[in-house]
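In what follows, a single structure is set out as structure tokens and then discussed.
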Amino acid sequence: MKVITGDRFEAFADEKALLFPEYRKNRDELLDFVDSLTGDETVVTASLELIDLIAWKFRRGEENFLVYSDTGKSLTLKEVYELRKYLDFDVRGGFGGGRAETSVLFVEGKTDAKFFKAVFKKLFEFRESREAPYSLRFIERVFERDNFDLLRREEGYYLAIIPSEGNSGVIRNLGNFLRAIDVFGFTVEKIGVAIDVDEDREAAMASIKGRLSGFRHEKTPLGYRVGKTEVVPLIIGLPFEDEAVEWKKPTVEDLMLHLIAREGLLERIRPGLEALNGSLGRRLKPKEVMYLALSAYGHWGNLEGFYELFVMRSRFRNLKAVLREAGLMEGIRYLAFAER
């Protein structure tokens with residue numbers, strides 16, 4: 001199966017190509033059309049809904065691909081399927097908007113996203129943005145996503161923070177995104193990759209390097225360079241030792257535990273921690289401590305909102321101290337274009 005999109009499709013469509021007239025077609029008609037495909041066809045389309053249906057049906061096999069005719073380069077339909085599902089990437093191309101220096105940060109989940117969003121807002125004066133530069137116009141419905149944050153500094157630097165469903169999701173999105181940069185011909189200056197240590201730091205770095213092995217890359221002081229894009233690992237691993245907390249493996253909750261300890265909130269809730277430990281017959285897990293801290297802090301929203309609020313209200317010196325101790329400060333500063 002071959003799907004062709006972009007403005008120069010005539011150069012890639014033979015006489016047997018199906019130029020699909022998507023105008024006024026409802027979903028049932030699209031489904032009927034896709035059901036009729038055998039996999040030997042070439043389909044020319046500008047319909048994202050049709051591309052989604054075709055990509056889902058033919059997402060297996062290296063012989064199934066999408067051609068972006070403006071550059072003449074291609075993605076497998078598996079890559080198209082993942083770009084659409086996890087990033088809402090507009091695989092029709094043709095992006096517009098002004099040029100600006102841009103970073104993208106892939107994180108594991110929504111709480112991670114809100115933590116890092118608050119860090120960049122607190123330390124580097126980023127603010128939410130409703131306008132995306134050319135290099136971030138690949139996201140189809142940017143401002144309808146409730147888990148995607150687009151930030152901007154006054155100097156014109158942009159940062160997108162995107163949750164990715166765990167460590168494996170971060171690594172998957174990194175590889176697919178680098179492929180999309182090549183195929184669709186846009187540039188993102190820096191990509192941050194925030195993952196938990198899990199087993200150990202070497203294994204976490206190996207997962208990143210393994211994903212980059214499919215690209216020509218070179219080592220840099222903070223990470224790796226692929227073409228014009230620098231990949232900056234942010235490895236999260238700062239153990240938290242406390243007699244009332246059952247710590248097992250590194251997560252972003254550890255950074256919050258260290259921060260609430262420095263801010264004095266942990267001692268305020270310690271009587272509650274010890275009472276719950278005795279009642280449950282076990283120590284509390286980090287996320288359970290977070291919910292107790294949320295309640296004691298008087299925040300009646302969700303955990304994501306608490307992370308963002310608490311980081312924003314914390315003292316600069318305490319937040320910087322936690323990030324430095326975690327070995328994250330230099331990479332975060334670099335992604336914020338604050339090293340200059």
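The values are calculated or read from the model by the stated rules, or taken from the named source; none is laboratory data. Not measured: the values here are computed from a predicted model. Cβ sites come from the backbone with ideal geometry, for glycine too, and all protein chains shown count toward neighbours. Surface areas here come from the heavy atoms of the whole protein model, side chains and all, with no ligands, DNA or RNA. Shrake-Rupley method; radii C 1.70, N 1.55, O 1.52, S 1.80 Å.
When the stretch 295-305 is limited to residues that are over 25 Å from the mean Cα position of the chain (by Cα) and not in a helix (DSSP H, G or I), the one that is surrounded by the fewest Cβ atoms within 10 Å (Cβ to Cβ) turns out to be 298. Given the structure, is residue 310 farther than 19 Å from residue 194 by Cβ, more than 21 Å from the chain's Cα centre (by Cα) and in contact (Cβ under 8 Å) with a residue 40 or more places away in the chain? Taking the combined requirement at face value, the residue does not satisfy it. Candidates 108, 29, 101: the one that is farther than 30 Å from residue 156 by Cβ and either open to solvent by 40 Å² or more (accessible area, probe 1.4 Å) or charged (D, E, K, R) (or both) is 29. The residue that is nearest to residue 202 (Cα to Cα), among those in the stretch 260-289 that are in contact with a Ser or Thr (Cβ under 9 Å, 6 or more places away or on another chain), open to solvent by 30 Å² or more (accessible area, probe 1.4 Å) and touching a residue at least 40 places away in the same chain (Cβ under 8 Å), is 262. Just one of the listed residues (123, 77) is among the aliphatic types (A, V, I, L, M) and more than 27 Å from residue 237 (Cα to Cα), namely 77. Please enumerate the residues belonging to the stretch 111-138 that are within 24 Å of residue 80 (Cβ to Cβ), open to solvent by 10 Å² or more (accessible area, probe 1.4 Å) and of a type outside the set (D, E, K, R). Result: 132, 134.
In the stretch 61-71, the qualifying residues are those that are surrounded by fewer than 23 Cβ atoms within 10 Å (Cβ to Cβ) and out of contact with any helix residue (DSSP H, G or I) (no Cβ under 7 Å at 6 or more places or on another chain), and the one that is nearest to residue 91 (Cα to Cα) is 70.
Taking the stretch 237-249 as the range and being closer than 22 Å to residue 276 by Cα, in a loop (DSSP other than H, G, I, E, B) and open to solvent by less than 20 Å² (accessible area, probe 1.4 Å) as the test, the residues that pass are 240, 244.
Taking the listed residues 257, 292, 234, the one that is crowded, with 20+ Cβ neighbours inside 10 Å and in a helix (DSSP H, G or I) is 257, with no other qualifying.
Just checking, does the stretch 151-170 include any residue being in contact (Cβ under 8 Å) with a residue 12 or more places away in the chain, touching an Asp or Glu at 6+ places or on another chain (Cβ under 6 Å) and either farther than 30 Å from residue 303 by Cβ or among the acidic types (Asp, Glu) (or both)? Looking through the stretch 151-170, none of the residues is in contact (Cβ under 8 Å) with a residue 12 or more places away in the chain, touching an Asp or Glu at 6+ places or on another chain (Cβ under 6 Å) and either farther than 30 Å from residue 303 by Cβ or among the acidic types (Asp, Glu) (or both).
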